[in-house]
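Novice: Just dropping this structure here.
Derivation of every value follows stated rules applied to the coordinates shown; laboratory data play no part. Here the structure is a predicted model, which is why all the values come from computation and not from measurement. Methodologically, a virtual Cβ is constructed for each residue, glycine included, from the backbone with ideal geometry; neighbour enumeration extends over all protein chains shown.
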Amino acid sequence: MFNFRCIKKSLQYLKFLFFLLIENTFCLFSRPKKYYAGEIVLITGSANGIGRQVALKLAPLGVTLVLWDIDDEGNKETSRLAQQNGANRVFVYHCDCSNREDVYEQADKVKKEVGDVSILINNAGVVIGKRFLDSPDSLVDKTMAVNTMAHFWTYKAFVPAMIAANHGHLVSIASCAGLCGGSQIADYCASKFAAIGFAESIDMEMRTLKKTGVKTTIVCPFVINTGMFDGVKSKWPRVLPSLDPEYVAERIVSAVRQNQEILFIPRIIYVLYFLKCFLPVKAIVLLFDYFGVLDCMNTFKGRPKKE
Ligand SMILES: NC(=O)c1ccc[n+]([C@@H]2O[C@H](COP(=O)([O-])OP(=O)(O)OC[C@H]3O[C@@H](n4cnc5c(N)ncnc54)[C@H](O)[C@@H]3O)[C@@H](O)[C@H]2O)c1
């Protein structure tokens, strides 16, 4: 016996899902934009690359910037450039995000000296770039501590105030490597898969707690020209280009402004991810081989170590 009400409801859900898929992939309709003015934004890993570029994009928008990094020189320079770009309030802290005690200690300082963080951008990241069996245990631990565990501790430190105010935004700078495994990047992929799972889960918790004022944006970019993945080249740069850091930062700032939950850059990643969900593994391997993603880490050099 058919249950027509159930079928009708399912069709409505399917229609809604289809609509969301198309809307998210092609950004057909612009979402309402929120203002940054007055927000306290904390960026981890702000001394270089994407962290710095996001700070510079936010600088003229009336926010208070809190910059966390272990690279003090780089962070001072980000602060200087942000002030040059119009930021009035910039606070710089030395924080080793891989160390839970340091995260809690610096978070307490921020709460006392600056106030409650309302936009948290977990951006600090590290990569080894070796085959898993050649990766020293201490560096594997570091990858997980910086790329994943730091997100746990920063959420513990700053989310309670967001829940109390029912206002806030949690930004997880993950990676395409968190959507699909890759050779010579196992620990990094694992850390990014975990970061995505964590951010997605807390977003669900906020929804079930009816704290929908606390938003989440998960960012999954392909390779960006910051130095972190130096040497890695795209086989088809027109289809899968290495990204410009300033462009990525612009997309992140605009995604947060529009409360966009997931951001894949470039857009072709939406298509590849969609295909990965249902194509057989052999077909995916062929596809990735075609795009040169399978062995792109063979030429990895990474950021040169500072003397
Ligand atoms: N560069 C890429 O191709 C790429 C692609 C996708 C995702 N991502 C992600 O984007 C984020 C930013 O990457 P990026 O390209 O700007 O890298 P980057 O190396 O330029 O910057 C990373 C920053 O994190 C800081 N950092 C490292 N360990 C830290 C620690 N323990 N505590 C505090 N800060 C620490 C570094 O000092 C540096 O300033 C990372 O999470 C990275 O995984 C990068």
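Novice: Quick one: Thr212, Thr64, fewest Cβ neighbours within 10 Å first, how do they rank?
Specialist: With the sparsest Cβ surroundings first, the list reads Thr212, Thr64.
Novice: How would Ser172, Ser138, Ser183, Ser10 line up from fewest to most surrounding beta-carbon atoms within 10 angstrom?
Specialist: Ascending number of Cβ neighbours within 10 Å: Ser138, Ser10, Ser183, Ser172.
Novice: Normalise the Cα radius of gyration of the chain by 2.2 N^0.38 Å (N = residues in it) and let me know the number.
Specialist: 1.03
Novice: To the nearest Å, what is the center-to-center distance of segment 243-284 and segment 47-67, using C-alpha atoms only?
Specialist: Each part's Cα centre sits 22 Å from the other's.
Novice: Right, another one. What is segment 33-299's relative contact order, in percent, from Cα pairs under 8 angstrom and six or more apart in sequence?
Specialist: Taking the mean separation of contacting Cα pairs over the length of segment 33-299, I get 18 percent.
Novice: Could I ask something else about it? If you plug each phi of segment 221-232 into the Karplus form 6.51 cos²θ - 1.76 cosθ + 1.60 with θ = phi - 60°, what whole-Hz ³J(HN,Hα) values come out, in order, with x for Gly and Pro?
Specialist: The phi angles translate into x, 7, 4, 10, 7, 10, x, 4, 10, 3, x, 6 Hz.
Novice: Place +1 on the Cβ of every Lys and Arg and -1 on the Cβ of every Asp and Glu in the chain, take the dipole about the Cα centre, and give the residue among Ser135, Val219, Leu272 whose Cα lies farthest towards its positive end.
Specialist: Leu272
Novice: Quick one: dipole size for the chain, taken about the Cα centre, charges +1 on Lys/Arg Cβ and -1 on Asp/Glu Cβ, in debye to the nearest 20.
Specialist: So the dipole magnitude of the chain works out to roughly 1340 debye.
Novice: Divide the volume of the convex hull of the Cα atoms of segment 36-135 by its number of residues and quote the answer in cubic angstrom per residue.
Specialist: Value for segment 36-135: 98 Å³ per residue.
Novice: Another question, then. Could you list Ser175, Ser254, Ser118 so that the one with the fewest beta carbons within 10 Å of its beta carbon is first and the one with the most is last?
Specialist: Ser254, Ser118, Ser175
Novice: Of Pro60, Ala82, Pro160, which is farthest towards the positive pole of segment 56-199's charge dipole, taken about the Cα centre with +1 and -1 on the beta-carbons of Lys, Arg and Asp, Glu respectively?
Specialist: Pro60
Novice: Three principal axis extents, largest first, for the C-alpha atoms of segment 167-307, in Å?
Specialist: So the three principal-axis extents are 46, 45, 28 Å.
Novice: With each label point set 7 Å from Cα along the Cα-Cβ vector, what nm distance links Asp137 and Val239?
Specialist: Placing both labels 7 Å beyond Cα along the Cβ direction yields 4.3 nm.
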